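Just below is one structure, and these are the notes that go with it.
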Amino acid sequence: MNRPSAGLTLVELLVAAALMVVVLGIVGIFFARQAGITKTTQAQTSIQDTARAVMQLVTNDLLLAGANQYYPSAASTVSSVTLTGAIPTGTDGGLTDDVSLEYVTSLRPTLAGACRHVEYRMSGSTLERSDVACGTAANFSVLATHVLAFDLLYKCSDDSTAATPADCPANTYLRSVRAGLMVRSPYKTPGSPPSPSYTAPTADHGGSGSSSVTCPSGYSCVVLTQTVQTPSLKQYAPGG
């Protein structure tokens with residue numbers, strides 16, 4: 001006669017339950033870490049894309065500053081346009097500067113809209129840009145939020161540096177612009193992401209406001225710098 005098989009004892013059930021809790025805890029920690037890594041990666045990718053797009057736009061505008069020739073695609077005649085704001089102007093706010101410039105672009109279908117008046121300004125931690133026809137009132141739109149630094153340093157033709165275009169010495173012209181940009185993520189990211197900092201060049205420390213900023217703890221930040229030549233401004237040099 002076969003004896004019925006014995007069931008699990010209470011001790012065995014408790015041990016199995018304890019093991020299950022441990023396994024589920026390990027699995028939970030793993031997925032939580034993976035979710036944190038994913039969130040951090042997404043935040044860094046997002047602000048990198050934003051920072052690169054902003055820097056590309058700033059670079060294009062500065063590169064064209066002062067250009068006054070219109071080359072229509074359907075005609076052979078080149079038109080010269082008189083720019084009232086050919087030489088850029090701006091103020092130094094430490095790490096948050098603003099700038100205003102004008103140029104003619106042949107990407108516009110008509111000469112009437114080819115002359116562009118472009119302005120950048122900081123409103124709190126929001127970087128705004130206006131792109132309107134010359135002689136038209138500014139119309140700002142949001143370019144990027146959570147901007148910690150939008151810093152411009154100007155190089156004059158005598159190799160001196162200036163915090164604003166107007167600070168270039170007499171009988172010189174603006175030869176290039178160094179643009180610095182720092183953007184942070186809109187929300188904190190898990191873990192301990194690097195905390196980069198941005199420091200304005202020494203020549204720019206005489207301006208108002210702070211000269212350096214560090215990424216807030218727990219956030220992801222991106223820092224970009226770019227030096228842009230301004231070849232079209234040479235024609236406006238004294239005696240040029």
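The values are calculated or read from the model by the stated rules, or taken from the named source; none is laboratory data. Quantities reported herein were computed from a predicted structural model and do not represent experimental measurements. Every residue, glycine among them, receives a Cβ derived from its backbone with ideal geometry; neighbour counts consider all protein chains shown. For accessibility, only protein heavy atoms count, side chains too; no ligands or nucleic acids. Shrake-Rupley method; radii C 1.70, N 1.55, O 1.52, S 1.80 Å.
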Worksheet entry | Any hit, region 108-120, residues being open to solvent by less than 20 Å² (accessible area, probe 1.4 Å), touching a Ser or Thr at 6+ places or on another chain (Cβ under 8 Å) and assigned to a loop (DSSP other than H, G, I, E, B) | yes
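Would you mind stating whether ASP61 is in contact with an Asp or Glu (Cβ under 8 Å, 6 or more places away or on another chain) and modelled with pLDDT of 90 or more? First the steps, then the outcome.
On the way: in contact with an Asp or Glu (Cβ under 8 Å, 6 or more places away or on another chain): no; modelled with pLDDT of 90 or more: yes.
Judged against the criteria, ASP61 is not a match.
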Item to complete: Would you be able to say whether some residue in region 181-192 is open to solvent by less than 20 Å² (accessible area, probe 1.4 Å), at pLDDT 95 or above, outside any loop (DSSP other than H, G, I, E, B) and within 20 Å of THR89 (Cα to Cα)?
Response: yes
Worksheet item: In region 98-106, is there at least one residue being of a type outside the set (A, V, I, L, M), open to solvent by 60 Å² or more (accessible area, probe 1.4 Å) and at pLDDT below 95?
Response: no
Worksheet item: If you check ASP159, ASP131, ASP151, which single one turns out to be free of Cβ contacts under 8 Å to residues at least 24 places away in the same chain and either assigned to a strand (DSSP E or B) or β-branched (Val, Ile, Thr) (or both)?
Response: ASP131
Fill in: Near pairs, Cβ below 8 angstrom, 6+ apart or cross-chain, from region 71-93 (more than 18 Å from HIS117 (Cα to Cα) and modelled with pLDDT under 85) to any residue that is loosely packed, with under 15 Cβ neighbours inside 10 Å and of a type in the set (Ser, Thr, Tyr)
PRO72/SER79; VAL78/TYR71
Worksheet, complete the sentence: Of the residues in region 134-148 that are in a loop (DSSP other than H, G, I, E, B) and in contact with a Leu (Cβ under 9 Å, 6 or more places away or on another chain), the one that is surrounded by the most Cβ atoms within 10 Å (Cβ to Cβ) is CYS134
Worksheet item: From the list SER195, SER212, which one is open to solvent by 30 Å² or more (accessible area, probe 1.4 Å), at pLDDT below 85 and among the hydroxyl-bearing types (Ser, Thr, Tyr)?
Response: SER195
Worksheet, complete the sentence: Note on region 149-172: residues open to solvent by less than 30 Å² (accessible area, probe 1.4 Å) and of a type in the set (D, E, K, R) are ASP151
